[in-house]
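Take a look at the structure below.
Bear in mind these aren't lab numbers, they're just calculated from the coordinates by the rules spelled out. If you're wondering where the values come from, they're calculated on a predicted model, not measured in any experiment. All Cβ positions, glycine included, derive from the backbone under ideal geometry; neighbour counts span all protein chains shown.
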Amino acid sequence: MAMILYHGAPNGPSLIVLAALAETGVDVERRPIDLLAGERHVLPGIGEAVALDMGIEGEGPVLVVDGEAMTDAVFLAQYFDELSDKASLQPSDPYAHWEMMMWCRQITERLSPAAALLGNIEFSQETLGAMSDERFEELAGRIVSADLRSRWEILRDGAVDLAQIVDSRTKVLQAVERCEKQLGDGRKWLMGELTIADLATFAWLAGMERVLPESFRDKPLTTAWLQRVRSRPAVASVLADCGADVATFWAPGPEINRWG
Amino acid sequence: MAQVTLYHWEPNANSGKPMLTLMEKGVEFESHYIDMLQFDQHRPEYLAINPQGTIPAMTHGSRVLVESTAIMEYVNEAFSGPELMPKDARDRWRVRWWMKFMDQWLAPSFSMIGWSVFVGPIVRQRDPAELEAAIERIPLPERRVSWRKAIHGTFSEAEIAESQRRVALGINMLEQELGKREWLASDTYGLADINGFNLAYAIPLSQPSLCNDEKTPNLLRWLRAVYARPAVKKCWALGRTDMVKRVAVLDGEQI
């Protein structure tokens, strides 16, 4: 069963999946793409494009298996973990598993849209703004999901709602505070043992150290934990592969909750 | 075995997901009905269980669990009984993908329309001062915004239009997916079907022009197959409002 992983630079959702891949040792053909050039929307050989087209997580990695486009970084990390007999990145106890999935869900629903919004404004807006109208329309025209396309357009136009920016800063700070509290009993990893929760949280939070350094001030446990994740051989190898400043790579992310 | 108590509203949407999962697994549980329309979920006795004031919540011995889809996965893993997750890793991915798609993208659109036509008009008849006090007791700020919109009927035209776009698109996606296999995410009945049925059981009634035997035969086949299950009959019998009685539309031979 040939598996091809199309992924962006190791930041955000692409980092979650690349780190999980390195930790589990699953054999996958990796094909780097430029997410901010819209390359995710012209992938070859996809017979079943539903997950790819909906883009609920935004511009994340795509795993193609037998023509099926599989997306969502946390679920792909679980997929690799369940295929692998090497690593176990998920607790076997049902309650501990529930805790891990609840944590990941908080990260996915609250931190990731906020971090993506702030990271994109800081590092991607200028690139998109400098694109010719013709080039941008060609790119946007390939995006099947209307709501994902509108997130690209809003970012390019600089029309991001100020209230969303303020709220996003609060959500990043809340995520850091949540980590600091969780690590308060001296544990090494967020769930005790290393799990997907560490990879997912690191992948969205690490890039925020540059954008919102004040959120990390006086948070020694979180800062040390970020460094611990960064130093893991699997994570370090993924970051080194990129050979550039990974925290500057962003592309439109998940939508901010529109209802409740 | 430790006692299981489920705090839930109607067998519908988020409350119905763990209710039906427990029933399919054959797990005995104490049912604790929380009347959402009376704001029971924001009263101190419930906030002592779940400080966020969201329903459902489940206790299993001393453990407290929240978030309906995560509770479903816990119930499947923690108890014996029929396996509700497929064995194959890619099928398991598909179950998770569809549950997230429904929870985060599709259900909020159904919910916005449902609240604007069902919950809002019922609640709006109460004393405004009492309502405002009830809203102020809601712990999560985003839920306060949602309740205010529902109670005062202040959804914008653009918001409702976007929800309607997603509902129509979602119905098409479900129809296509159910044309590929017997159940939503794999060849065996499981959590994705339980989640999906809670979202979709009344679509033939609420969206008759988009969902009927002619336009969406696979969706109707699947809804009827889920509805035929004894656990579903038992679960929906716990409903108290006219809203959940809409499930009877599936008794019709031709919709």
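Inter-label distance, A:D218 to A:D53: 5.1 nm, where each label sits 7 Å from its Cα along the C-beta direction. With only Cα atoms counted, region A:3-83 has Rg and Dmax values of 11.3, 32 Å.
Pairwise Cα separations in the protein assembly as shown fall into 20 Å bins from 0 onward with the following percentages, short to long: 22, 58, 20, 0.
What is the percent of Cα-Cα separations in region B:33-145 that go past 24 Å? Counting every Cα pair in region B:33-145, those more than 24 Å apart make up 41 percent.
Using every pair of separate Cα atoms, the Kirkwood estimate puts the hydrodynamic radius of region A:67-133 at 14.8 angstrom.
Helix-only estimate, please: 222 nm mean residue ellipticity of chain B, summing -39500 (n - 2.57) across DSSP H runs of length 4 or more and dividing by its residues, to the nearest 500.
Numbers: 14 runs with 131 residues, N = 255.
My calculation for chain B gives -14500 deg cm²/dmol from helical runs alone.
Entry note: chain B has Rg to Rh equal to 0.95, where both radii use alpha-carbon atoms and Rh is the Kirkwood radius. Membrane-span-like helices in chain B, defined purely by DSSP H runs whose alpha carbon atoms cover 20 Å or more axially and whose average Kyte-Doolittle hydropathy reaches -0.5, are B:157-178.
Against the globular-protein guess of 2.2 N^0.38 Å, express the Cα radius of gyration of region A:94-232 as a ratio, rounded to two decimals.
Values: Rg = 17.2 Å, N = 139, 2.2 N^0.38 = 14.3 Å.
That works out to 1.20 for region A:94-232.
Please give the FRET efficiency for A:R30 paired with B:R224, using the beta carbon to beta carbon distance and R0 = 35 Å, rounded to the nearest 0.05. With R0 = 35 Å, the Cβ-Cβ based efficiency is 0.20.
Our note on the geometry: Cα centres of region B:214-255 and region A:234-260, 43 Å apart.
Given q = 0.14, 0.16 Å⁻¹, what are the Debye log10 I(q)/I(0) values for chain A, with equal point scatterers placed on the Cα positions and solvent ignored? Results for chain A at q = 0.14, 0.16 Å⁻¹ read -0.94, -1.25. Give me log10 I(q)/I(0) at q = 0.14, 0.15, 0.16, 0.30 Å⁻¹ for region B:104-161, Debye formula, one equal scatterer per alpha-carbon, no solvent. Debye intensities relative to I(0), on a log10 scale: -0.38, -0.44, -0.49, -1.30. The mean sequence distance of close C-alpha pairs (under 8 Å, at least 6 residues apart), as a share of the length of chain B, puts its relative contact order at 23 percent.
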